[in-house]
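Down below is the structure, laid out as structure tokens.
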Amino acid sequence: MTLQEHGVPRGGLASQRLPRPLTGPNNIANFIGKTLVIAELEARKLRHDPTELFTRAVQPALWLLVFGQVFTRTRAIPTGDIPYLDFMAPGILAQSVLFIAIFSGIAIIWERDLGIVHKFLASPTPRTALVLGKALSAGVRALSQAIIVYVLALLLGVHLNPNPLALIGMLVAVILGATLFSTFSLIIACVVKTRERFMGIGQVLTMPLFFASNAIYPIDIMPGWLKVLARINPLSYEVDILRALMIGQASSTGLLLDFGVLVLVSGGLILIGARMYPRVVV
């Protein structure tokens with residue numbers, strides 16, 4: 001059997017290392033196809049453990065049922081004419097997306113230990129497609145959380161925006177948020193390379209990202225130093241989108257800027273992750 005029958009080009013193995021441009025309709029379609037294959041492969045894991053979706057929904061449910069109900073009655077946090085539970089629901093949705101995405105990188109370490117990463121790296125699939133596909137699979141997981149939180153908020157009497165376009169925009173924001181934080185998680189996994197270190201760093205990062213955002217209180221009531229952190233925190237822009245689309249509150253920074261920040265940060269992290277992904281096996 002010849003090398004060509006194994007998929008090795010006539011130029012030898014070294015020619016596979018040459019970067020292939022993604023320009024041209026065929027190359028772009030090939031890139032998109034490989035990305036979707038990786039995303040589908042990762043999302044298929046949900047069929048083997050669907051209970052994960054419901055167990056992850058416990059925490060946001062407790063936030064809405066306990067924290068949201070109590071602070072709505074006490075009116076300790078000023079939210080204007082909007083009931084606190086309404087104000088809080090988009091933030092809790094963003095929180096559940098963050099918690100799902102930020103720990104998704106541990107799968108990279110498991111795949112390295114099982115030898116799966118080596119097989120991916122030996123394939124002709126672009127590293128960017130590998131990283132983007134895994135990020136999109138985190139978005140699929142986050143969509144299930146979005147449905148659960150949305151239904152729960154509806155049952156609790158939150159005044160949700162029924163506009164179908166707003167609902168589509170909300171789902172896009174959820175996917176972008178999951179893509180951003182899951183890629184950030186992958187980069188962390190490539191740096192620390194052990195499950196114990198990864199879990200420790202993940203737990204350290206989630207709470208600061210959550211509390212240094214506008215998820216459960218307005219930025220206006222924060223101290224000056226915390227306002228700065230909230231303004232550079234991508235989670236704040238995701239919450240701003242969800243709050244505008246879910247309950248109809250006016251965006252504080254503008255939806256165009258909010259989506260632009262999520263897209264640009266996600267794109268930058270994907271490129272960084274694509275360069276660092278092979279280092280997970282080193």
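Read-outs throughout are calculated quantities, based only on the coordinates presented, and are distinct from any laboratory measurement. All of these numbers come straight from a predicted model, not from anything done at the bench. Virtual Cβ from ideal backbone geometry, glycine too; neighbours counted across all protein chains shown.
The charge dipole of segment 24-281, taken about its Cα centre with unit charges on the Cβ atoms of Lys, Arg (+1), Asp and Glu (-1) only, comes to about 680 debye. Here the spin labels are modelled as points 7 Å beyond Cα on the Cα-Cβ line, and at LEU155 and MET199 they lie 3.0 nm apart. Pairs of lysines in segment 24-281 whose Cα atoms sit within less than 22 Å of one another amount to 8, provided the residues are eight or more positions apart or on different chains. Model label points for ARG73 and THR55, set 7 angstrom from Cα along the Cα-to-Cβ axis, are 3.2 nm apart. Label-to-label distance for ALA122 and VAL228 is 5.0 nm, based on points extended 7 Å past Cα in the beta-carbon direction. Counting neighbouring beta carbons within 10 Å and listing from fewest to most, the residues MET207, MET170 come out as MET207, MET170.
For segment 24-281, averaging the sequence separation of C-alpha pairs within contact (under 8 Å, six or more residues apart) and dividing by the residue count gives a relative contact order of 28 percent. Residue exposure proxy: THR194, THR206, ordered by other Cβ atoms within 10 angstrom of their Cβ from fewest to most, comes out as THR194, THR206. Only one residue of GLY80, TYR237, LEU165 has its Cα farthest out toward the positive end of the dipole of segment 24-281, where Lys and Arg carry +1 and Asp and Glu -1 on Cβ, and that residue is TYR237.
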